[in-house]
Amino acid sequence: MNNSDYNRTVARTILSQLGGNRFVAMTGARQFVALEAPGLQFDLPARFAKSGINRIRIVLDPSDTYTVSAFTLCRRSFECPEISSQSGVYCDMLESVFSEFTGLSTRIK
């Protein structure tokens, strides 16, 4: 498996840990990108999440945990300031960290 295949596999795994298609339907997430880091980055609809967050980046760390970062992308100036970040996130904590950052639910309760 070459590096780009590995990065895509990690990105698919992260998306499935978030909830897969259910997650996409509940949050409106789009423009998924497999990162070189390896990880996953995606955009949320504008003015949909709290604090204006519209980009999420999840990176796999060498310790087999994730670093989750939330950004606000300004499409006019292309600035992308980081709003919040949390490292040491385990796979079973991804949904709750995402919900904490964005205020969006990832499942119907």
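All of the numbers you see were taken from the coordinates with simple rules; none came from a lab. What you see is a predicted model; the values in this text were computed from it and never measured. A quick note on method: Cβ atoms are made from the backbone with ideal geometry, for glycine too, and the neighbour counts reach across all protein chains shown.
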At R0 = 35 Å, FRET efficiency that the Cβ-Cβ distance of SER77 and ILE108 yields, to 0.05
0.45
Here, chymotrypsin sites (Phe, Trp or Tyr not before Pro) of the range 27-109 satisfying both criteria (DSSP loop; at most 12 other Cβ within 10 Å) are PHE78, TYR90
The chain: longest segment with zero exposed GluC sites (Glu not before Pro), where exposed means DSSP loop plus at most 15 other C-beta atoms within 10 Å, is residues 37-78
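Please give the contour-minus-distance gain from SER63 to ASN2: 0.36 nm per residue of separation, less the Cα-Cα distance, rounded to one decimal in nm. Show your work: numbers first, answer last.
Details: separation 61, 0.36 × 61 = 21.96 nm, distance 2.10 nm.
Working it through step by step, the gained length comes to 19.9 nm.
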For the range 1-81, listing trypsin sites (Lys or Arg not before Pro) in a DSSP loop whose Cβ sees at most 15 other Cβ atoms within 10 Å gives ARG47, ARG75, ARG76
